[in-house]
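Below is one structure, written out as structure tokens; the observations come after it.
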Amino acid sequence: MVKPIFVLNGPNLNLLGVREPSIYGAETLADVRRRTESRARTLGLGVDFRQSNSEGELVNWIQEAREGACGIILNAGAYTHTSVAILDALNAAERPVIELHLSNVFRREAFRHHSYVSPAAQGVICGFGGKGYELAIEAMADIVADKPVKAAKG
Ligand code: CA2
């Protein structure tokens with residue numbers, strides 16, 4: 001039995017669809033979860049979809065992924081731009097990582113242009129709203145099936 005993909009969501013993402021729809025869209029996190037699970041199902045994969053506002057809980061889940069997951073898709077929210085603890089946990093997890101953001105962080109404030117997650121990630125998806133979660137599942141499906149991912153570098 002293939003282990004699930006952990007899809008981990010960081011702080012304030014529980015507010016999706018409830019506040020600031022002009023930036024993050026009208027979909028709720030429950031909507032995003034449904035579309036993520038649905039795309040995974042069509043590819044024969046399982047998903048363990050979680051959200052926490054706590055940095056420590058995210059670190060614990062990343063540690064859990066070492067034994068319990070085939071890969072990690074991570075929208076670390078604002079911790080993306082601040083958390084060395086999350087970077088260290090990702091490096092220790094020895095699982096493929098995809099970094100994910102709903103918004104195009106490079107069109108936003110300069111402080112969102114730096115990510116502590118990126119050095120541990122095989123790739124980054126941003127700017128496609130909830131659709132990005134489906135794209136990340138597709139990319140992770142290829143990675144766990146050991147299909148080569150064409151990349152210019154890395
Ligand atoms: O674009 C993304 O997915 C982000 O990870 C979202 C984070 C932000 O700090 C990152 O720079 C980019 C913020 C998540 C907060 O989500 C909210 C949703 C609705 C209302 C308020 C916050």
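The values are calculated or read from the model by the stated rules, or taken from the named source; none is laboratory data. The structure displayed is predicted, hence computed values, not measured ones. We place every Cβ from the backbone using ideal geometry, glycine too, and count neighbours over all the protein chains shown. Ligands, DNA and RNA are excluded from the accessible area calculation, which covers all protein heavy atoms including side chains. Shrake-Rupley method; radii C 1.70, N 1.55, O 1.52, S 1.80 Å.
Look at L58 and say whether it is under 12 Å from the mean Cα position of the chain (by Cα) and assigned to a helix (DSSP H, G or I). Give the derivation first.
Working: under 12 Å from the mean Cα position of the chain (by Cα): yes; assigned to a helix (DSSP H, G or I): yes.
When the stated conditions are applied, L58 passes them.
Can you confirm whether L74 is touching a helix residue (DSSP H, G or I) at 6+ places or on another chain (Cβ under 8 Å), closer than 24 Å to G127 by Cα, near the ligand (Cβ under 10 Å from one of its atoms) and not in a helix (DSSP H, G or I)? It would help to see each step written out before you state the result.
Numbers: touching a helix residue (DSSP H, G or I) at 6+ places or on another chain (Cβ under 8 Å): yes; closer than 24 Å to G127 by Cα: yes; near the ligand (Cβ under 10 Å from one of its atoms): yes; not in a helix (DSSP H, G or I): yes.
Yes, satisfied.
Residues that are closer than 20 Å to F111 by Cβ, near the ligand (Cβ under 9 Å from one of its atoms) and open to solvent by 20 Å² or more (accessible area, probe 1.4 Å): does the range 38-59 have at least one? Full working, then the answer.
As a first pass, look at the range 38-59 and keep what is closer than 20 Å to F111 by Cβ: 53, 55, 58.
Next, only the ones that are near the ligand (Cβ under 9 Å from one of its atoms) stay: none.
Looking for residues that are closer than 20 Å to F111 by Cβ, near the ligand (Cβ under 9 Å from one of its atoms) and open to solvent by 20 Å² or more (accessible area, probe 1.4 Å), one finds none in the range 38-59, hence no.
Quickly run through the range 9-55 and pick out the residues that are polar (S, T, N, Q) and either closer than 18 Å to I137 by Cβ or not in a loop (DSSP other than H, G, I, E, B) (or both). Working first, answer last.
Taking the range 9-55 as the starting set, the residues that turn out to be polar (S, T, N, Q) are 9, 12, 14, 22, 28, 36, 38, 42, 51-54.
Within the range 9-55, N9, N14, S22, T36, S38, T42, Q51 meet the criteria.
Go through the range 1-37 residue by residue and tally those that are of a type outside the set (V, I, T), open to solvent by less than 60 Å² (accessible area, probe 1.4 Å) and either out of contact with any strand residue (DSSP E or B) (no Cβ under 8 Å at 6 or more places or on another chain) or away from the ligand (no atom under 16 Å from the Cβ) (or both). Steps first, answer last, please.
So in the range 1-37, the residues of a type outside the set (V, I, T) come out as 1, 3-4, 6, 8-17, 19-22, 24-27, 29-31, 33-35, 37.
Retained after the next criterion (residues that are open to solvent by less than 60 Å² (accessible area, probe 1.4 Å)): 4, 6, 8-11, 13, 16-17, 25, 27, 29-31, 37.
Checking which are either out of contact with any strand residue (DSSP E or B) (no Cβ under 8 Å at 6 or more places or on another chain) or away from the ligand (no atom under 16 Å from the Cβ) (or both) leaves us with 4, 6, 11, 16-17, 25, 27, 30-31, 37.
Of the residues in that region, 10 qualify.
Collect the residues in the range 84-133 that are charged (D, E, K, R) and either in a loop (DSSP other than H, G, I, E, B) or within 10 Å of the ligand (Cβ to nearest atom) (or both), keeping them in residue-number order. Outline the logic, then answer.
Looking only at the range 84-133, we keep the residues that are charged (D, E, K, R), and these are 88, 94-95, 99, 107-109, 112, 131.
Of everything in the range 84-133, those that are charged (D, E, K, R) and either in a loop (DSSP other than H, G, I, E, B) or within 10 Å of the ligand (Cβ to nearest atom) (or both) turn out to be E94, R95, E99, R108, E109, R112.
If T80 meets every condition in (1) more than 9 Å from the ligand (Cβ to nearest atom); (2) open to solvent by less than 30 Å² (accessible area, probe 1.4 Å); (3) in a helix (DSSP H, G or I) apart from one, which number is that one?
Evaluating T80 over (1) more than 9 Å from the ligand (Cβ to nearest atom); (2) open to solvent by less than 30 Å² (accessible area, probe 1.4 Å); (3) in a helix (DSSP H, G or I) leaves (1) as the failure.
Find all pairs meeting these conditions: Cβ atoms under 9 angstrom apart; at least six residues apart or on different chains; first residue within the range 52-81 and within 21 Å of K131 (Cα to Cα); second residue within 12 Å of the ligand (Cβ to nearest atom) and charged (D, E, K, R).
Between residues of the range 52-81 that are within 21 Å of K131 (Cα to Cα) and residues that are within 12 Å of the ligand (Cβ to nearest atom) and charged (D, E, K, R), the close pairs are I73/E99; L74/E99; N75/E99; A76/E99; A78/R112; T80/E99; T80/R112.
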